Amino acid sequence: MIRVVKEFTFRRSEICGGRNPIRMILEAMNELGQCEGLTIELDDYDWVLVLRGLAELHEFKVEECEKANNFLKFLVYKSC
Amino acid sequence: MAQYARPDVLVDTKFVMDNLNNETIRIVEVDYDHTTAYDVWHIPGAVLLRWREDLRHPEIRDFVSPEQFEDRLSKLGISNEHIVILYGDYNNWFAAYTFWLFKAYGHEDVRLLNGGRTNWAKLGLPTSKEVPNYPRTSYKVKKVDWGSHRTFLWEVLQRVTKGETGKLVTLIDVRSQKEYTGEIKAPPEYADEQTQVGGHIPGAVNIPWAQAVDPDTGEFKPVHELAKIYGNIPKDKEIITYCRIGERAAHTWFVLKYLLGYPSVRVYDGSSAEWNNIVGIPVKKGTEP
């Protein structure tokens, strides 16, 4: 059973600045222990593709959840 | 269906797919943070321009000089004759900002990929991690035209103090409504990027940049929808767009100038990061201009 330790929601139209959502998610991913995960809601297909690529590179698992109101929901976790 | 005022400066994904190996075209990704964009995936054959390292002045808040611009483009194998197609991270904002810079530095044929990375990813089009290496060129900046592209603080301040905003010039604040009203001083994730005070330049109207794009694909809305969104902006007055650091303002500048055909549009790139930090300068809070 994966324990969700943090939840993120990033709306494309509200993001602006020196830190980007992927960076924030990566920082949180790096702190995950075994059987721990993050739920992430994004409304940008680019971020999703980047996130999948980086998660696989760092050997995290990605599970796609439901889509609602243009938001794509994911569970990113470290296996038990 | 009505067309954009300048359809020649906007290309779609099909055009790019059909021209991936066209030697007269250079596809250029412009990223604010390439480590979470170009380095992970990019359009095959695209070269990278890093917004902060390659296009911002290395010491002061400004853009690279014409000589530095020439050097950057020459190294990437971009010549004056190339058709340059720009796209990038952050909703194509920095690609639009770079389009603006290319225009100010007189590049003949520069275009924007509609929808940028968002739409390319949504359509599942081919991607690459390979960094191409094109032969060095001798790029030359043939003219510098800041005058019709850029507004500085002192001009905006003069316009505001003379009461010209809303009369002779239309100031458009393209930030989110919460930033415009002063409820927040920067988007919530960026606690270290706040200005000293929140609010907007007196007289500025608020039309957030995001209204111009389809929220799913990131592509610009059709011209009749754009015309409705900007319907209250007169075409016979000067227009100045601004945001927080200028990139969203350049996006709306592109919409007004090239998609809707407004004749006189400039970007105040100092934007709220400059205005809202100056001692004694007028700032207005709330929803009224």
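The values are calculated or read from the model by the stated rules, or taken from the named source; none is laboratory data. Predicted, not measured: the structure shown is a model, and the values here were computed from it. Cβ placement follows ideal geometry from the backbone for every residue including glycine, while neighbour counts extend to all protein chains displayed. Side chains included, ligands, DNA and RNA excluded: accessible areas come from the protein's heavy atoms. Shrake-Rupley method; radii C 1.70, N 1.55, O 1.52, S 1.80 Å.
Listed by chain and number, the lysines placed with their C-alpha closer than 23 angstrom to that of B:K14 are B:K122, B:K129, B:K221; residues fewer than eight positions away on the same chain are left out. Based on C-alpha pairs under 8 angstrom that are at least 6 apart in sequence, segment B:153-275 has a relative contact order of 28 percent. For chain B, a Gaussian network of Cα nodes joined below 10 Å ranks B:E179, B:E219, B:E274 by mean-square fluctuation, and the top entry is B:E274. Estimated translational diffusion coefficient (Stokes-Einstein, Kirkwood radius over Cα pairs, 37 °C, 0.692 mPa s) of segment B:153-275: 224 µm² per second.
A simple rule links phi to the HN-Hα coupling: the Karplus curve 6.51 cos²θ - 1.76 cosθ + 1.60 with θ = phi - 60°, which for segment B:100-105 gives 4, 5, 4, 5, 5, 9 Hz, with x for Gly and Pro. Within straight cross-link reach of B:K284, meaning Cα distance under 14 Å, which aspartates and glutamates are found once same-chain residues fewer than 8 apart are removed? Output for B:K284: B:D173, B:E179, B:E183.
Taking the Cα centre of chain B as reference, the dipole from Cβ charges on Lys and Arg (+1) and Asp and Glu (-1) amounts to some 700 debye. Between B:E67 and B:L157, the C-beta separation translates, for a Förster distance of 41 Å, into a calculated FRET efficiency of about 0.85. The residue list B:P66, B:Q196, B:V156 was ranked by how far each Cα lies along the charge dipole of chain B toward its positive end, using unit charges on Cβ atoms, and B:V156 comes out on top. For B:K237, a cut-off of 21 angstrom between C-alpha atoms picks up these lysines, skipping any fewer than 8 places away in its own chain: B:K162, B:K167, B:K228, B:K257. Here the dipole of segment B:136-205 is about 600 debye; that uses its Cα centre as origin and unit charges on the Cβ of Lys and Arg (positive) and Asp and Glu (negative).
Using a 1.4 angstrom probe on heavy atoms only, work out the carbon and sulfur share of the accessible area of the protein assembly as shown in %.
Values: 7860 of 16040 Å².
The value for the protein assembly as shown is 49 percent carbon and sulfur by accessible area.
Kindly rank B:4-15, B:22-33 from highest to lowest mean number of other beta carbons found within 10 Å of each residue.
B:22-33, B:4-15
Pairs of Cα atoms in the protein assembly as shown fall into 20 Å distance bins, from 0 up to the last occupied one, in shares of 29, 57, 14, 0 percent.
Accessible area per residue of the protein assembly as shown at 1.4 Å probe, in Å²? Mind dumping the intermediate values first?
Details: 16040 Å² over 369 residues.
I get 43 Å² per residue for this part.
Provide Rg over Rh for chain B; use the alpha carbon set for both Rg and the Kirkwood Rh (inverse mean inverse pair distance). Each step should come with its number before you reach the end.
On the way: Rg = 18.7 Å, Rh = 19.5 Å.
Ratio value, two decimals: 0.96.
Calculate, for A:S79 and B:T24, the FRET efficiency according to 1/(1 + (r/R0)^6) with r their C-beta to C-beta distance and R0 45 Å; round to the nearest 0.05. Efficiency at R0 = 45 Å is approximately 0.40. Karplus-based coupling profile of segment B:224-232, in residue order and whole Hz: 5, 6, 4, 4, 5, 4, 9, x, 8, with θ = phi - 60° in 6.51 cos²θ - 1.76 cosθ + 1.60 and x standing for Gly or Pro.
Taking the centroid of alpha carbons for each part, segment A:1-52 and segment B:142-214 are 30 Å apart. Per-residue Karplus couplings for segment B:51-63, computed as 6.51 cos²θ - 1.76 cosθ + 1.60 with θ equal to phi - 60°, are listed in order as 4, 6, 7, 9, 10, 8, 4, x, 10, 10, 7, 6, 9 Hz, Gly and Pro entered as x. Residues whose amide H lies under 5 Å from that of B:N80, counting only those 5 or more places away or on a different chain, are B:K140; hydrogens are built 1.01 Å from N in the peptide plane.
Sorted from greatest to least, the principal axis extents spanned by the alpha carbons of segment A:3-77 come out as 33, 29, 21 Å.
Positive contributions from Lys and Arg (+1) and negative ones from Asp and Glu (-1), summed over other residues with Cβ under 11 Å from the Cβ of B:R61, come out at -3. Other residues within the sphere of radius under 13 Å centred on the Cβ of B:G286, judged by their own Cβ, net out at -1 (K and R +1, D and E -1).
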